[in-house]
Amino acid sequence: MPTQLEKERKFLIKLPSSWADLAELFDSIVNIQRISQTYLVPHKGEQAVRIRETIEGMKGKTKTFFEFNQKKPVETGVHQEKEHKISEEEYHKLLVDADPQKCEVQKTRFLFKWHEQLFELDVFKGHLKGLAILELEMKDIDDTIELPKFLKVIKEVTDDREYSNYSLANKDLKNHETGHTSSD
């Protein structure tokens, strides 16, 4: 399984309150993905593993694919990542090992370009409804970022473990407010 370095920065954002506020986002969308990811029971001494089902595109013109992913932190914003596609059959076999301490994380990802940068805006569903995180994968973690002016950044959360997908999948969040509503 190939290993690569993932370098990204993450920002907690306030969800736009109107369609008019989203007009610039819609004008620059490259792709839309509906993502469901599940964490597996960790093996002793290994990093957590997640599997993901992604439905890419709009209704009627969709493509579904499945992935295996394992990340190991290297430094703030940088992870050593093992990721590869798996078959639908492999995905369903692996679901048997879903971690009972974790919830499935569901989100819609809007991929859009802003000033020659490809951003990913994750809008969460289910127990995380109201949470939105903007991500940008980078060649160098210290590169200059020009954030979209049509999105209100609440704070950078690159080094805040509370906003890692692994932490967001915690079952104890399921029955509690996340504290991150669209009015934050």
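Looking at Gln101, Gln117, which one is within 18 Å of the chain's Cα centre (by Cα) and among the polar types (S, T, N, Q)?
The unique qualifying residue is Gln117.
Residues that are within 14 Å of the chain's Cα centre (by Cα) and assigned to a strand (DSSP E or B) within region 131-160 comprise Ala132, Ile133, Leu134, Glu135, Leu136, Glu137, listed in sequence order. Looking for whichever is more than 24 Å from Leu134 (Cβ to Cβ) and polar (S, T, N, Q) here; the options are Thr64, Thr38, Thr54. Which one fits? Only one candidate qualifies: Thr64. Restricting region 32-47 to residues that are of a type outside the set (D, E, K, R) and out of contact with any Lys or Arg (no Cβ under 8 Å at 6 or more places or on another chain), the residue that is surrounded by the most Cβ atoms within 10 Å (Cβ to Cβ) is Pro42. The sole residue among Val105, Val153, Val74 that is within 16 Å of Ser36 (Cβ to Cβ) and hydrophobic (A, V, I, L, M, F, W, C) is Val105.
Hey, among the residues in region 84-130 that are charged (D, E, K, R) and assigned to a strand (DSSP E or B), which one's farthest from Ala23 (Cα to Cα)?
Kept after step one, since they are charged (D, E, K, R), are these residues of region 84-130: 85, 88-90, 93, 97, 99, 102, 104, 107, 109, 113, 116, 120, 122, 125, 129.
Right, trim to assigned to a strand (DSSP E or B) and you get 85, 102, 107, 109, 113, 120, 122.
Working: Lys85: 33, Lys102: 35, Lys107: 20, Arg109: 16, Lys113: 13, Glu120: 16, Asp122: 17 Å.
For region 84-130, the residue satisfying everything is Lys102.
Based on what the data block shows, is Val74 out of contact with any Ser or Thr (no Cβ under 8 Å at 6 or more places or on another chain), assigned to a strand (DSSP E or B) and at pLDDT 85 or above? Judged against the criteria, Val74 is not a match.
Just checking, how many residues over region 96-120 are under 15 Å from Lys10 (Cβ atoms) and out of contact with any Asp or Glu (no Cβ under 8 Å at 6 or more places or on another chain)? So the count comes out to 1.
Mind listing whichever residues of region 161-170 are assigned to a helix (DSSP H, G or I) and either surrounded by 13 or more Cβ atoms within 10 Å (Cβ to Cβ) or touching an Asp or Glu at 6+ places or on another chain (Cβ under 7 Å) (or both)?
We begin by selecting, within region 161-170, every residue assigned to a helix (DSSP H, G or I); these are 161-163, 165-168.
Passing the criteria: Glu162, Tyr163, Asn165, Tyr166, Leu168.
Restricting attention to region 11-57, the residues being over 21 Å from Lys102 (Cβ atoms), more than 15 Å from the chain's Cα centre (by Cα) and either at pLDDT 95 or above or among the basic types (Lys, Arg) (or both) number 1.
The values are calculated or read from the model by the stated rules, or taken from the named source; none is laboratory data. Note that this is a predicted model, so its numbers are computed, not measured. All Cβ positions, glycine included, derive from the backbone under ideal geometry; neighbour counts span all protein chains shown.
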